[in-house]
Amino acid sequence: MDTASVVEIGRPSVRRDSIWRSLRGPLKGSEYTWALAFVVPYIAVFVTFVAYPVVYGLWMGSEPRLYPELFSDPIYQKTVVNTALYLALGVNVKLFLALLLSGFFMRPGWWMKVLLMIFVLPWAVPQITTFISIHWMLNGEWGFLNNMLYTLFHVEGPHWLNDRWTALGAVIVSHIWKWTPFWTLILLAGRMAIPLEIRDTARVDGATGVRGFVHITFPLLANLYLICTLLSTIFLLGDFNAVYFVSGGGPANSTQVLATLGIRNAFEIAQPRLGVAAVMSALPMVIPLVIVLMRKLRTAQVQL
Amino acid sequence: MAHLTRRSMLRGSLALAAAKTVGGPYVARAAATTAAVWFAQGFVQDEDVALRKAVADYEKQSGNKIELSIIPFAPERQKIISALTSGVVPDLVDSNPAEILQLYGWQDRWVDVSDVVESQKGQFSETALVAAQAYNNVTKKRATYGVPLRAAVVPCHIWKSLVEKAGMKIEDLPKTWDAYFDFFKKVQDNLRKQGERKVYGLGFQVTANGVDPYNLFMAFLVAYGGQDIVTRDGKLHLDDPKVKQAAIKAAAYLGGAYRDGYVPPSAINWNDADDNNAFHAKLMVMDVDGTLSTEVAIKEKHPEWYYNEIVTHGAPGYPNDNAGKPVPSIVGYTNGLIPKGAKNVTVAKEFLKYFIQPKVIGEFVELGLGRWLPVMPSLAKSPFWQNPKDPHLKGYVQQGLLGPTRPDYYVFNLAMAEVRTQHVWSMAMIDVAKEGVKPEAAIDKAFKRIGEIFAKYPMA
Amino acid sequence: MSTVAVDTALPSSYTQSQAQRAVRRRRYLTTAGTALLSLVLVVWTVLPIYNMVLISLEPEGDVFTDHIWPRVASVESFWGVLTQGHWYLEHFWRQFANSFYLGAMTTLLTLLIGSLTSFSIGRLRIRHGWLVSNAALLTYVIPASFLAIPFYRIMQNYGLANNVWSVIAALVAFATPYAIFVFQEYGRSIPIEVDESARIDGASPMQLYLRIYLPLMAPALVAVGTYALLLAWNEYLYQFLLLSSKSSMTVPVALAQFLSSDQSPWNYMMATAIIYALPPVAIYYAFRRRMSAGLTMGGVKG
């Protein structure tokens, strides 16, 4: 390791040495080079492909006059409310379901394997087609859902997409339908990381079922769950597909979210900067999330 | 694995990062004699085939090369906007959406192409020539930035078989505006008496999605006398009582039809494709929809529908206004545009000059099976369009080229394009249709919004 | 074995047979509960996909019908996809191959770069490593769909226009931060003593990475790998923005063509989507066993 002999202390090279040591931390010389080499690929990707676009994107949305124009849009306020609802319900219901299902899928058996394969389908099928399919399914006159309700239960289903709240609900449900498999897999991987000994010990001690979950499993998954929540919120903020294809932002622009409003501004009104401004107006909400995420990633790990 | 030293790892990862910049100079050098052309994909394969043929013929004749990218419709729009925003532009694009001619003309982003249009000056219809111009806010003047290639108009499509099922005759269709559309309300009433619950008389796109609601409302606005809402000088005339009355009547009729149950309830949230799906499923007796895509799409698989069951306009043709005078139709144009900063303006212009020769462009449009209209009246007299056996083409070309026409209003003032994309008229219609708002109040709200939008583009 | 646990939990007044009945009842309930939940899951998952299948079997491509079973099942659309029989699909297999290439490269690079970075930050504990992971977060501040325009520009500047590597680079740039976070989080469950004991035995970081880290990370690698694969597989915005020629396009772009027209052969579109969804599911299944390998491997090893 780093042994400094009494002789070396007075020498000027020691100062250089300590700067170097402070830079590389506890790692030995050769290990440090490895560690550096391992991060260089990502740094290169970041500098080449992320730094410029993100800065350019921030610049695009930074003109002050964009914001009064954005706020004066009559649908802006409804859009913000919709976005808040979409995020709150979409993220939390989805992740909670994913948490429960990840426990369910830990069960042994060939049936579980088949079920997991089927369960992954919504994620695998291209979202344009699934969301369009859902849009058609929900049609009030000829849609599959109402056909089914009528054929099986003799119930005349409502016009799902004609009312703001059922349409918004449909969008949220569509999003949950599409993305729960993905987060289930992540949480499933997280559960599998819990060492077998801990799980066995818990079972022997009688901490099974709900008790086992609350006292053993969830605390170990908590950090991963939180990170998933924060990331999912950030992802969902920019996701326009569900709204765009399922409800079209309608009826009468009442189910628009910031992402679809941004897309409309950017590519239909042909004002890309106004589009970026729409999503950036959510930054006041995104920044705190990002800060919490940064803290979580930085804190010293609790190692087992 | 043992051979991988840390040094080679470090070198390798840095090299990977640097490797990507090598491709640049090669691409730039090749651009000298090639022109990059972007064009929207056609609805039928024949359109693309016709375009490729025209390009190939040009290349043979001139010795220049054209890099043609045929891009699906909606993605092309995003691609064009990305190109213009980022400054890396092709040499020639089609105007997708049509109003980018005016939108980016305002920002002085197009090359003036009046010399190209001059080469066929006498051939173009007057409306086409006007629609190819835009007001440039940098030079404070109007100029011709587009070369008209093809046109589209909004006809009425009718299921003759449903009309006959209701015990009525298509020949009895009235010739005046309100009576014409009221006819279909009677058709629905009769069909309902027969127990047909799921058929509606009118397929009005009372929705805030897509371009159809705007086209629908504007057709009604013009028919009711509101054609001076924006005059040729680009000035907005919302305080004109004729305009206001016409708008109120349009909102009242269209929203009222929905409210009274003559329009499919799901129409309130239709997207661009839903009205066609619904028409196809015979959910409504008639709709007002741009181009002949409804008919062309089923021509191959169901010729009996094309020739017997679906009718364009009906026997008397496109309806007149309530006083009996012909109503000018609003025509949309596809123009060829050359962005400023394009690498090869010369070849782009040459190709355009070649493409708009009547023989070439006429063939191109006809090979599209008549979905698009030509922009030169002489071409409308061709046997293809005047074919007596075809029940749709004659009426369509009459409405869009030979009869009275007018350009869309964003040609005069680009703010109208934003009125369309913000769906201002849709909100008014839906207010009347679903929210129980009186037409006057709905139009007041709409006019207020229109005023705000127009204020963003002050013209000299 | 379970009777032992029951014995300690129940009062001693229970007879053996009553206890056995209780156990059987609980097992029956559990099985019934599992079966019910499975049924609900299947119906929930499959419903919209069933609608897609219905549409794909419609000979007319009709979307609006009133029956819930296929009245006339026509596989013409599926056949059309496989034989490239429709003009929208004339390059289907070429585009399929492009999708594969795009998916494979994106997955490999994301997993490679992501795992290397999180290994360096999380295991080797490189000083100031947190800077890298925090900077990575910046990638997500502006949603990807709005970064399309800047990306378009820089790819032109780098000379990567119309090159599939431009799309790979963009997707890797988006997927890697997420990979880093998940790997870091997942890696916390692996005790650092494992690394240290290997180091004492003289392992170099590269050996640590290959022999210890990657095998223990298997479940996370499968999950993140599937994510990267599906991201590349189904992404269409960057693909059509950055690629121009029909032969370099991928299947999602081909799907977008169906939206060009307001009257498309929807049965072909749905058939294309269904066929296109199968490879990722199959790949996931092939690698899934690696995920459960983590079940037995988690924990301190000798």
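Write down the Kirkwood hydrodynamic radius of chain B, to one decimal in angstroms, obtained as one divided by the mean of 1/r over all alpha carbon pairs. List each step's numbers first, then the result.
Values: mean 1/r = 0.0421 Å⁻¹.
With all distinct Cα pairs of chain B included, I get 23.8 Å.
How fast does the stretch B:293-398 diffuse by Stokes-Einstein, in µm²/s, taking the Kirkwood radius from C-alpha pairs at 20 °C and 1.002 mPa s? Before the final figure, lay out the partial values.
Values: Rh = 16.3 Å.
The estimated diffusion coefficient comes to 132 µm²/s.
Need the C-alpha centroid separation for the stretch B:163-197 versus the stretch B:116-160, integer Å.
The two parts, judged by their Cα centres, are 37 Å apart.
For the ranges B:166-174, C:176-184, what's the packing order if you count other beta-carbon atoms within 10 Å of each residue, average per peptide, and put the highest first? Mind showing how you got there, number by number?
Details: B:166-174: 15.3, C:176-184: 25.6.
Listed from highest to lowest mean packing, they are C:176-184, B:166-174.
Report, in whole Å, the centroid distance computed from the Cα atoms of the stretch B:273-302 and the stretch A:69-124.
Computed from Cα coordinates, the inter-centre distance equals 36 Å.
Which order do C:Met270, B:Met427, B:Met286 fall in if you start with the one that has the fewest other Cβ atoms within 10 Å?
Numbers: C:Met270 31, B:Met427 22, B:Met286 27.
Least to most surrounded, the residues fall as B:Met427, B:Met286, C:Met270.
Using mean Cβ contacts within 10 Å as the protection proxy, how do A:143-150, C:24-31 order, highest first? Each step should come with its number before you reach the end.
Working: A:143-150: 20.0, C:24-31: 10.5.
Output ranking for A:143-150, C:24-31: A:143-150, C:24-31.
Find, to one decimal place in angstroms, the Kirkwood hydrodynamic radius of the stretch A:69-298, where the mean of 1/r is taken over every pair of different Cα atoms and then inverted.
Details: mean 1/r = 0.0508 Å⁻¹.
Every distinct Cα pair counted, the radius reaches 19.7 Å.
Kirkwood-based Rg over Rh for the stretch C:201-256 (C-alpha set), two decimals?
Details: Rg = 18.2 Å, Rh = 14.0 Å.
When Rh is taken as the Kirkwood radius, the ratio is 1.30.
Can you tell me the Rg and Dmax of the protein assembly as shown, counting just the alpha carbons, in angstroms?
Cα-based Rg and Dmax for the protein assembly as shown come out at 31.9, 114 Å.
Per the Cauchy relation, a quarter of the hull surface: what is the mean projected area of the convex hull of the alpha carbons in the stretch B:249-336, in nm²?
Numbers: hull surface 32.5 nm².
In nm², the orientation-averaged hull projection of the stretch B:249-336 is 8.1.
How many times 2.2 N^0.38 Å is the alpha carbon radius of gyration of the stretch C:153-233? Could you put the intermediate results ahead of the total?
Details: Rg = 17.0 Å, N = 81, 2.2 N^0.38 = 11.7 Å.
Here the Cα radius of gyration is 1.45 times the empirical estimate.
Using a cut-off of 12 Å between alpha-carbon atoms, which aspartates and glutamates can reach B:Lys301, once sequence neighbours fewer than 8 places away in the same chain are excluded?
Reachable aspartates and glutamates: C:Glu60.
Hey, how many Å between the Cα centroid of the stretch C:160-177 and the Cα centroid of the stretch B:392-409?
When both Cα centres are located, 47 Å separates them.
Excluding residues on the same chain fewer than 8 positions from B:Lys175, give the aspartates and glutamates whose Cα lies under 12 Å from its Cα.
B:Asp321
Going by how many other beta carbons lie within 10 Å of each one, how would you line up A:Val243, C:Val53, fewest first?
Details: A:Val243 30, C:Val53 16.
So the residues, fewest neighbours to most, are C:Val53, A:Val243.
Roughly how crowded by other chains is peptide C:125-136, in terms of the mean Cβ count from those chains within 10 Å of each of its Cβ atoms? Before the final figure, lay out the partial values.
Numbers: counts 6, 12, 9, 5, 5, 5, 3, 4, 6, 7, 7, 6.
Mean partner-chain Cβ count within 10 Å for C:125-136: 6.
Need one number: convex hull volume per residue for the stretch A:129-229, Cα atoms only, in Å³.
Cα-based convex hull of the stretch A:129-229, divided per residue, equals 158 Å³.
Mind checking the mean number of beta-carbon atoms from other chains within 10 Å of the Cβ atoms in B:344-353?
Mean number of neighbouring Cβ atoms from other chains: 0.
Are any of the pairs B:Lys198/B:Lys438; B:Lys242/B:Lys448; B:Lys359/B:Lys389; B:Lys299/B:Lys389; B:Lys169/B:Lys249; B:Lys244/B:Lys448 more than 21 Å apart by Cα-Cα distance, and if so, which? Present the calculation step by step, with values, prior to reporting the outcome.
Working: B:Lys198/B:Lys438 28 Å; B:Lys242/B:Lys448 17 Å; B:Lys359/B:Lys389 23 Å; B:Lys299/B:Lys389 14 Å; B:Lys169/B:Lys249 28 Å; B:Lys244/B:Lys448 12 Å.
Beyond 21 Å: B:Lys198/B:Lys438; B:Lys359/B:Lys389; B:Lys169/B:Lys249.
Cα convex hull of chain C: how many Å³ per residue? Before the final figure, lay out each step's value.
On the way: hull volume 64.8 nm³, N = 302.
In chain C, the Cα convex hull volume per residue is 215 Å³.
Rounded, prolate or oblate, given the Cα gyration tensor of the stretch A:41-156, with a/c below 1.5 counting as rounded? Walk me through the intermediate numbers first.
On the way: a/c = 2.50, a/b = 1.34, b/c = 1.87.
Judged from the Cα gyration tensor, the stretch A:41-156 comes out oblate (a/c at least 1.5, b/c at or above a/b).
Since every read-out is calculated from the coordinates, none of them should be taken as a lab result. Given the structure is predicted, the values throughout are model-derived calculations rather than measurements. When we count neighbours, we look across all protein chains shown, and the Cβ atoms used for this are built from the backbone with ideal geometry, even at glycine.
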